[in-house]
Amino acid sequence: MKIPRLGNHLSFPPANQASPEGIVAYGGDFRVERLLLAYQSGIFPWPHKGLPLLWFSPNPRFVLLPSCAHVPKSLAKRMKKSPYEIRCDTAFSEVIAACGEVPRPGQDGTWVVPELVRGYEELHAAGFAHSIEAWRNNELVGGLYGVSLGAVFFGESMFAKAPDASKIAFATLLGNLAEWGFGMVDCQVYTDHLDRFGAEEWPRNLFLDALEVCLQVQTRRGKWQFDLAPKEALSVLKSASEEPANEP
């Protein structure tokens, strides 16, 4: 099938018209307005070396419900010891840069290219992109970044320079998202790491329907500050996982 090329006009083809590989379109840029429209449409950018900018909406979509998240026992034990201080939005540029430096098995280079970094830094300045950071002795040792719209957190990438640092940051995020009533975390595509937290593969249409519902909730725009520390977040996840699951 022919993949549509994006022009200067802010629009995307429908996500459900993606190619079998999940490609919706190519071209365009990383300006804030385009990124916001993409996420609202169930689409995200995924740069590939040597190719024009590609925009994806994979089928199936990997989705995690905060209210159903599972924290592995070994990680839960480590969280109870509170080895790291978890902060939000105090080092966004450092987090996204560190994510770009992490070697990815089977991948040549990184999708965190300079143009992407500038776009997401602007998205962060606009209050939609967030960094979740693990600190030890005032040193940044792990974290992740993503985009928040309505009751959805769109996870993008994570890194760790100390044991379980990014996992504890992510689990703390999940507990706070559950506390705030977020409907889902978009994990994009399958990974073993996120599978252990309870993420599931959803048909694209199910994801798009849930996204539409979640976007009706007001966005928590601006700098984030968690209500729950790691141990408190763990407690929320444990109690939430014991309740009947409700899809958004």
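General observations
- Subtracting the Cα-Cα distance of residue 126 and residue 1 from their residue separation scaled by 0.36 nm leaves 41.4 nm.
- Here the label points at residue 118 and residue 200, each 7 Å from Cα along the C-beta direction, are separated by 4.2 nm in the simple model.
- Counting only DSSP H runs of at least 4 residues, each contributing -39500 (n - 2.57), and dividing by the residue count of the chain, the helix-based mean residue ellipticity at 222 nm comes to -10000 deg cm²/dmol.
- For the stretch 116-223, the set of chymotrypsin sites (Phe, Trp or Tyr not before Pro) satisfying both a DSSP loop assignment and a count of at most 15 other C-beta atoms within 10 Å is given as 190.
- Antiparallel %, DSSP beta bridges [both residues in the chain], to 5: 85 percent
- Enclosed volume per residue, in Å³, of the convex hull spanned by Cα atoms of the stretch 61-241: 114 Å³
- Inter-site label distance for residue 209 and residue 26 at 7 Å from Cα along Cβ, in nm: 3.3 nm
- Kirkwood Rh and Cα Rg combined as Rg/Rh, the stretch 5-56: 0.91
- Amide hydrogen neighbours beyond the local backbone of residue 215, cut-off 5 Å, H modeled: 151
- Cβ-Cβ FRET estimate between residue 11 and residue 239, R0 fixed at 41 Å, reported to 0.05: 0.40
- Förster-model FRET efficiency, 41 Å R0, residue 139 and residue 40, C-beta, rounded to 0.05: 0.70
- Sparsely packed loop sites in the stretch 1-107 (the trypsin sites (Lys or Arg not before Pro) outside DSSP H, G, I, E and B with at most 12 other Cβ atoms within 10 Å) comprise 2, 49, 81.
- Restriction of the chymotrypsin sites (Phe, Trp or Tyr not before Pro) in the stretch 7-90 to DSSP coil positions whose beta-carbon has at most 15 other beta-carbons within 10 angstrom yields no sites.
Each value in this text was obtained by applying a stated rule to the coordinates, not by laboratory testing. The structure displayed is predicted, hence computed values, not measured ones. Cβ atoms come from the backbone with ideal geometry, glycine included; neighbour counts cover every protein chain shown.
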